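Q: Before I ask anything, here is the structure I am working with.
Values in this text are rule-based calculations from the coordinates and carry no lab data. This structure is a prediction, so every number in the text was calculated from the model and none was measured. All Cβ positions, even for glycine, are placed from backbone atoms using ideal geometry, and neighbour counts span all protein chains on display.
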Amino acid sequence: MSCLFCRIVDGEIPATVVHETKTTVAFRDIRPKAPVHVLVIPREHVPNAVDLTGEQLGDLFAAAKEVAEAEGVSETGYRLVFNTGPDSGQEVFHAHLHVLGGRKL
Ligand code: AMP
Ligand code: ZN
C-alpha cells in the first residue's frame with residue numbers, strides 16, 4: 001500500500017497517536033507548525049476532504065474536539081484546517097484535519 005497515512009492507520013509506519021476511534025486516528029504532525037499540531041484522519045482512504053461523507057466529517061470534527069480538550073487548547077482556541085488540492089499546499093492525499101493551537105496563530 002503506497003498511501004503514507006493508510007500505512008500509519010495500519011501501524012506499518014510509526015506515528016505518535018494521541019486519539020483513536022472506530023473510524024478515526026489522530027497523531028502528531030511530524031513537522032509541527034504550532035505547539036499543538038495534530039492530524040485527524042479517517043481510517044478509510046479518501047483522497048480529499050471534500051469527498052468525505054457527512055458522517056465521516058462529523059467523526060473527524062468530534063475527534064478534533066476531543067483532541068483539543070486532551071491537548072489543553074479548548075479554552076485558548078485552535079485552528080482547524082483542511083488543505084484541498086495542489087494550490088493549498090496539500091502534500092498527503094489522504095484527507096486530514098489539522099488541529100493547530102498552543103500559541104497565537
Ligand atoms: P498537508 O500539507 O495538508 O497535506 O499536510 C500534510 C502534513 O502531514 C504536513 O503537515 C506534514 O508535516 C505531515 N506529515 C508528513 N509525513 C508525516 C508523518 N510520517 N507523520 C506525521 N505527519 C506527517
Ligand atoms: Zn490513505
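Q: Amide H neighbours of Y78 under 5 Å, counting only residues 5+ apart in sequence or on other chains, H built in-plane at 1.01 Å?
A: Distant-sequence amide H within range of Y78: zero hits.
Q: Fewest to most neighbouring Cβ within 10 Å: what's the order for V92, V25, V38?
A: V92, V25, V38
Q: Right, next: If I take every Cα pair under 8 Å that is 6 or more residues apart in the chain, average their sequence separation and divide by the length, what percent do I get for the relative contact order?
A: Once divided by the residue count of the chain, the mean separation gives 32 percent.
Q: Let me know the shape class of the chain, please: from the alpha-carbon gyration tensor, a ≥ b ≥ c as square roots of the eigenvalues, rounded when a/c is under 1.5, otherwise prolate if a/b is greater than b/c, or oblate.
A: Here the chain falls in the rounded category.
Q: Is it possible to state the helix-based mean residue ellipticity at 222 nm for the chain, with each DSSP H run of 4+ residues giving -39500 (n - 2.57), the sum divided by total residues, to the nearest 500 deg cm²/dmol? What is it?
A: -7000 deg cm²/dmol
Q: Under a Cβ-Cβ cut-off of 12 Å, what is the net charge of the residues other than L4 that fall near it, where Lys and Arg count +1 and Asp and Glu count -1?
A: -2
Q: What does the charge count around E66 come to, taking other residues whose C-beta lies under 14 Å from its C-beta (Lys +1, Arg +1, Asp -1, Glu -1)?
A: The answer is -2.
Q: Quick check: pseudo-label points 7 Å beyond the Cα along Cα→Cβ at V81 and D51, how many nm apart are they?
A: In this crude spin-label approximation the distance works out to 2.3 nm.
Q: May I pose another question? Order by neighbour count: L57, L97, L105, fewest other Cβ atoms within 10 Å first, most last.
A: Result, fewest neighbours first: L105, L57, L97.
Q: Kindly express, to the nearest 10 degrees and within the range 0 to 90, the angle between helix 54-71's C-alpha long axis and the longest C-alpha principal axis of the chain.
A: 40
Q: Evaluate the charge dipole of region 4-101 about its Cα centre and quote only its size in Debye, nearest 20, assuming +1 on the Cβ of each Lys and Arg and -1 on the Cβ of each Asp and Glu.
A: 200
Q: Just name one of N48, T21, A34: the one whose Cα is farthest towards the positive end of the charge dipole of region 4-101 (beta-carbon charges, Lys/Arg +1, Asp/Glu -1).
A: Checking the options against the dipole of region 4-101, the answer is A34.
Q: Around D29, with a cut-off of 15 angstrom between Cβ atoms, what is the net charge of the other residues, counting Lys and Arg +1 and Asp and Glu -1?
A: With Lys, Arg at +1 and Asp, Glu at -1, the net is +3.
Q: Next question, about the same structure. Fewest first, what order do H37, H45 take by the number of other Cβ atoms within 10 Å?
A: Neighbour counts put them in this order, fewest first: H45, H37.
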